[in-house]
Every structure is written in structure tokens, then in C-alpha cells.
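As C-alpha cells, the structure follows; a few thoughts come after it.
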Amino acid sequence: MSVIGIEKMEFGVEDVAACTRFFKDFGLHACADNPTYFTTLSGAGINVSPLDDNTLPAPFESGSTLRRITWGVENTASLAEIITQIAQCDGFRLTENGAECRDPNGMTVAFCVSQQKPVSLDISPINQWGDIRRIDAPSPVYEKATPINIGHVVFFVDDLPATEAFYCQKLGFQVSDRYIDRAVFLRAQINGCHHNLFLLKLPHRGRGLNHVAFTVRDIHEVIGGGLAMNRHQWSTFIGPGRHPISSAYFWYVNSPTGGAFEYYTNDDYLTEKWQPRELEHSLVSFTEWAVEGGLDYDTRRQVKPNKE
């Protein structure tokens, strides 16, 4: 089996207009023939529909949320193998482009042969002690972000062992790291980025969507994207900051889709040589540093909390 990554996400929301405005401001490309469909540079898709759209599967939580996630696979042989693996799963059905079922957490997961295209971009090198790669050129400053692809999704889960087993045993996902009795980071391929899926079990939070993460070029684009969202009056959940567990720099923005949207870059690349770590979940293990509330576009300083 060879799941490549996230191909498409379909949301059912209370305010379609607010979501389409959010997607445009976030830097996603709006399709000319479908005003509710947006793409990354690679072609990964985001679609938004009203809550009561009968073409969407049943939600796994109330209110605005993700209703279906489609994973892209390498080829038709891989798709056939996955169809065999999920044929006995809840909600299984063949679709026009592949098949779908429900995972143990109630999320509808679909599979198709990936149609995403390679993306080639000029990335400005970073100069470090003993490793000088950028000469006679400044680092870039971005006025906004343009997401390259959908890097990962994070779900709150009710049954962590069952949901992890589905993705690892049925779909061939690999464990990258684990928070003991709390969460697991999974990557779709043996050789790949730190995680495409993060499953999180909290004692007082049922199943649902936590956030969707989009890869960008570098830390400068993370900052530029977050500042641009502040300029457009979208609030920051947390960021900028850095995750020590994946090495990624991040900026999370609150969205009207029901989960936060994240810009990130610089996550670890793992191979079959990697040994998953068993860590205690804590602020220190999850966040090396972070700015609460983001940075203000006008002052370029931390957003100050409102005083009543």
C-alpha cells in the first residue's frame, strides 16, 4: 500500500461565505468554475458546503467541521489493495474515483489515485555557523503565504488504540512518535515527513477536528502568512512558535470551518531507521516556544489582549 498524503478535504459549515473569504485570505487558489473549491499549489483540494448538504456524509461532531477526507494513493494497484483492506469496514462503498469507509472515530475517509503535481520553488537558503549558503542576497519577506500542500490533519479521538490500528494495519501508516496514553503521530509512508495524521485523546473532549496544517516554503513565509491573516482580521490561536517534537515552525489561525488552520515548515524527515519516541505530553514537549495571540500586522509586536 502506498498512501501519499491528503488529496482533498470537504467541510460542512454554518457560514459558507465566511469560509470562502477565509480560504482566499489564507492564500489558497479559488477555482474559477466552482467558487467553493480551493486548491494548494500542488493541487490538494478544499471544498466547503452548507451543513445540510445531502452530498456530504454524516458528521462526526456537531456544527461546522470536516465531513470527508480523501487520501491520495500512488497508483491503481495501491488503490485496489486499499479497497481490499477496507471492504469490511463500516460505511464501505465504491466511488467514482475509488472507495470510502468510516474510520473507528466516525470520520469518512476516501481513497483515490493522487492527481497532485510536483511543485518546484525557489527557496532562499539559511546561513548557519560553518554552513554559508546565501551570499550577496537577503532573506525574503512575504506579504502573504501561498500554501504548497496539505501536510497533516489532527483529530480528537474517542478510542485511540482502535483508530491507530485502523490507519496502521489497514492503510500502512507508520508511527513516528507517541505521547504516552494520550496521542500518536503517524506518517503515511516509511520515508516521509514527521506526520500526516495526529490522533489526540483528551479526557474532557470527544471526537472532532482539531486543525488542518499547510506546508509553506520557510519560516519567513510562516511569519508573512500569519501577519497577513492578522491584517485581514482573522484571529490567531497560537503562533508563531516551534514544536520540538517535529522541529516545525508554526502559526495557527482560528477558522470558521470548525478547526484551526496552520502554516508550518521545517518538519523532520524520517526513514525506516527512525525509532519512535515515547514521551510525556506537556507544554515543554509540544511547544518549545510560542507567541500567544500572534503578531499585530501594524506594530509587528505581540497582539495585546483586549482589556474590558
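The values are calculated or read from the model by the stated rules, or taken from the named source; none is laboratory data. Only a predicted model underlies this, so the values are computations on that prediction, with no experimental measurement involved. Counting neighbours? That spans all protein chains shown, and the Cβs are built from the backbone with ideal geometry, glycine included.
When you look at E96, is it within 22 Å of F38 (Cβ to Cβ), surrounded by fewer than 19 Cβ atoms within 10 Å (Cβ to Cβ) and more than 24 Å from the chain's Cα centre (by Cα), yes or no? Answer is yes for this residue. Residues that are assigned to a strand (DSSP E or B) and closer than 13 Å to P256 by Cα within segment 1-46 comprise F11, G12, V13, listed in sequence order. Residues that are free of Cβ contacts under 8 Å to residues at least 60 places away in the same chain and closer than 19 Å to G106 by Cβ number at least 2 in the following strands (runs of 3 or more DSSP E) confined to segment 170-230: 183-187, 197-200, 208-215. If the condition is being within 30 Å of I82 (Cβ to Cβ) and polar (S, T, N, Q), then segment 1-55 contributes S2, N34, T36, T39, T40, S42, N47, S49, N54, T55. Checked against (1) in a loop (DSSP other than H, G, I, E, B); (2) closer than 17 Å to A213 by Cβ, D52 passes all but condition (2).
Regarding R300, is this residue among the charged types (D, E, K, R) and either within 28 Å of L51 (Cα to Cα) or not assigned by TED's automatic domain parsing to the domain that holds L200 (or both)?
Values: among the charged types (D, E, K, R): yes; either within 28 Å of L51 (Cα to Cα) or not assigned by TED's automatic domain parsing to the domain that holds L200 (or both): yes.
So R300 fits the description; yes.
Yes/no matrix, rows are residues, columns are (1) hydroxyl-bearing (S, T, Y); (2) closer than 27 Å to V222 by Cβ; (3) part of a strand (DSSP E or B); (4) not assigned by TED's automatic domain parsing to the domain that holds T257:
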{"residue": "V48", "(1), (2), (3), (4)": "no, yes, yes, yes"}
{"residue": "R67", "(1), (2), (3), (4)": "no, no, yes, yes"}
{"residue": "T84", "(1), (2), (3), (4)": "yes, no, no, yes"}
{"residue": "G106", "(1), (2), (3), (4)": "no, no, no, yes"}
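Filter segment 61-90 for residues that are farther than 18 Å from E7 by Cα and among the hydroxyl-bearing types (S, T, Y); which is surrounded by the fewest Cβ atoms within 10 Å (Cβ to Cβ)? It comes out as S62. Being part of a strand (DSSP E or B), surrounded by 18 or more Cβ atoms within 10 Å (Cβ to Cβ) and not polar (S, T, N, Q) is a property that V153 has.
In segment 271-285, the condition of being crowded, with 22+ Cβ neighbours inside 10 Å, touching a residue at least 60 places away in the same chain (Cβ under 8 Å) and either not assigned by TED's automatic domain parsing to the domain that holds S78 or not hydrophobic (A, V, I, L, M, F, W, C) (or both) is met by no residue. Take the residues of segment 23-60 that are surrounded by fewer than 17 Cβ atoms within 10 Å (Cβ to Cβ) and acidic (D, E): which is farthest from R93 (Cα to Cα)? Here the answer is D33. Exactly one residue among W234, W251 is surrounded by fewer than 23 Cβ atoms within 10 Å (Cβ to Cβ) and hydrophobic (A, V, I, L, M, F, W, C), and that residue is W234. In the set (1) farther than 22 Å from A18 by Cβ; (2) in contact with a strand residue (DSSP E or B) (Cβ under 6 Å, 6 or more places away or on another chain), the condition left unmet by E272 is number (2). For segment 219-238, a residue qualifies if it is under 23 Å from S42 (Cβ atoms) and within 16 Å of the chain's Cα centre (by Cα), and the qualifying residues are V222, G225, G226. Put simply, of L202, L171, L186 the only residue that is at pLDDT below 95, outside the structural domain of S62 (by TED's automatic domain parsing) and not aromatic (F, W, Y) is L202.
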